[in-house]
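Chemist: Got a structure for you, written out below as structure tokens; questions coming shortly.
Any read-out appearing in this document is the output of simple, stated calculations on the displayed coordinates, not a laboratory observation. These figures come from a predicted structure and were not determined experimentally. Neighbour counts run over all protein chains shown; Cβ positions are idealised from the backbone, glycine included.
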Amino acid sequence: MANPSGSDHDADASIGSETTDPVDPVAADDANTDRVAMDPPTEVLGSSDGGAQPERRFTAPGFDAGATQVIPPQDDPATEVFQPQQGSKAVPQAIPPRTGGGLSGRIQNSWGWVLAVTLIVLALAAIAVLGTVLLTRDTTSAASQEEMVRSTISEFDDAMQKGDLTTLRSITCGTTRDTYVNYDDAKWATLHDKVKRAHRYPMVGSIDEVVINGEHAEANVTAYMAYAPTERSTRSFDLQFRDDKWKICQAPVG
């Protein structure tokens, strides 16, 4: 048999090597496994349509696995659905304007109450003081009027003892005053000197009672004659309020 040429020989050699070299299936599986392990796992998402196939998940097989493992899909958790609340629509409300300006308004109101209470207290105090003054004035007035009556009677008694014609004219009224006015001063002095030496003039021992009724007063006294001091009797004086003074309008007759 003739030897082939060089090119033919090389071609035959390559063919022969391809056909004669045995292939190890385990090595081939390891090579495929290495390639799968190096590549990241691929996630296949299913279609969003309801009738589509559920998504399938794959994981890379281990070096000793013979095939790729398929992970069954898991159902997604149910989504909670909130029902919309059927509420009434909000209605606009009218807010009245503030009066007084917050804190300043409250302060003004407080001062208003304080002022009102103060005025009430002052009014009550004024009424109490006025009532006290009126009562005191009435009491004082009655007491002072009685003292004035007593003072007039005492003054008249003293003027009779001394013969003071001027005083007798100033503290008497009516017909009693007319009697003293008609006396001549010289004649009165002579007459009084005679009466005094004879002790023929009346004297007031005590003022027992005074009754005042408006501008008229009556006083009961215990009187006696100077010449008979033990012989006493009750006499009365009638007085009238004239010229801001109590005056004797009727003197007791001795």
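Chemist: Can you tell me how segment 145-250 classifies by the Cα gyration tensor, rounded, prolate or oblate, using a/c under 1.5 as the rounded cut?
Modeler: Oblate, since a/c reaches 1.5 and b/c is not below a/b.
Chemist: Using 0.36 nm per residue of separation minus the Cα-Cα distance, give me the extension gain between residue 213 and residue 230 in nm, one decimal.
Modeler: 2.9 nm
Chemist: Between residue 119 and residue 178, what length comes free when the chain is fully extended (0.36 nm per residue of separation minus the Cα-Cα distance, one decimal in nm)?
Modeler: Numbers: separation 59, 0.36 × 59 = 21.24 nm, distance 5.92 nm.
Contour length minus the Cα-Cα distance gives 15.3 nm.
Chemist: If we count every other residue with Cβ under 10 angstrom of residue 192's Cβ, Lys/Arg +1 and Asp/Glu -1, where does the sum land?
Modeler: +3
Chemist: So, counting K/R as plus one and D/E as minus one, what does the shell of residues with Cβ under 13 Å around residue 156 add up to?
Modeler: +2
Chemist: Taking the simple approach of a point 7 Å from Cα along Cα-to-Cβ for both residue 132 and residue 242, what is their distance in nm?
Modeler: Distance between the two pseudo-spin positions: 4.1 nm.
Chemist: Counting Lys +1, Arg +1, Asp -1, Glu -1, what net charge surrounds residue 238 among other residues with beta carbon under 14 Å of its beta carbon?
Modeler: +1
Chemist: Short version: ³J(HN,Hα) in whole Hz for each residue of segment 157-171, in order, from phi by Karplus 6.51 cos²θ - 1.76 cosθ + 1.60 (θ = phi - 60°), x for Gly and Pro, what are they?
Modeler: 4, 5, 5, 5, 5, 8, x, 7, 5, 4, 5, 4, 6, 7, 10
Chemist: Tell me, what ³J(HN,Hα) does each residue in segment 220-226 have, in order and in whole Hz, if you take phi through Karplus 6.51 cos²θ - 1.76 cosθ + 1.60 with θ = phi - 60° and put x for Gly and Pro?
Modeler: 9, 10, 9, 10, 7, 8, 4
Chemist: Loop-only chymotrypsin sites (Phe, Trp or Tyr not before Pro) in segment 149-183, please: DSSP not H, G, I, E or B, and at most 16 other Cβ atoms within 10 Å.
Modeler: Here the sparse-neighbourhood loop sites are 183.
Chemist: Also, I was wondering about something else. List the lysines whose Cα lies under 30 Å from the Cα of residue 162, skipping any in the same chain that are fewer than 8 positions away.
Modeler: Excluding near neighbours in sequence, the set is 187, 194, 196, 245, 247.
Chemist: Find, among the GluC sites (Glu not before Pro) in segment 150-254, those assigned to loop by DSSP (not H, G, I, E, B) with at most 11 other beta-carbon atoms within 10 angstrom.
Modeler: Answer in residue order: 215.
Chemist: Neighbour counts of other C-beta atoms within 10 Å: give me 244, 157, 184 arranged from fewest to most.
Modeler: 244, 184, 157
Chemist: Restricting to DSSP loop positions (anything but H, G, I, E, B) with no more than 12 other Cβ atoms inside 10 Å of their own Cβ, which chymotrypsin sites (Phe, Trp or Tyr not before Pro) remain in segment 194-242?
Modeler: Of the chymotrypsin sites (Phe, Trp or Tyr not before Pro), the ones in loops of segment 194-242 whose Cβ has at most 12 other Cβ atoms within 10 Å are 227.
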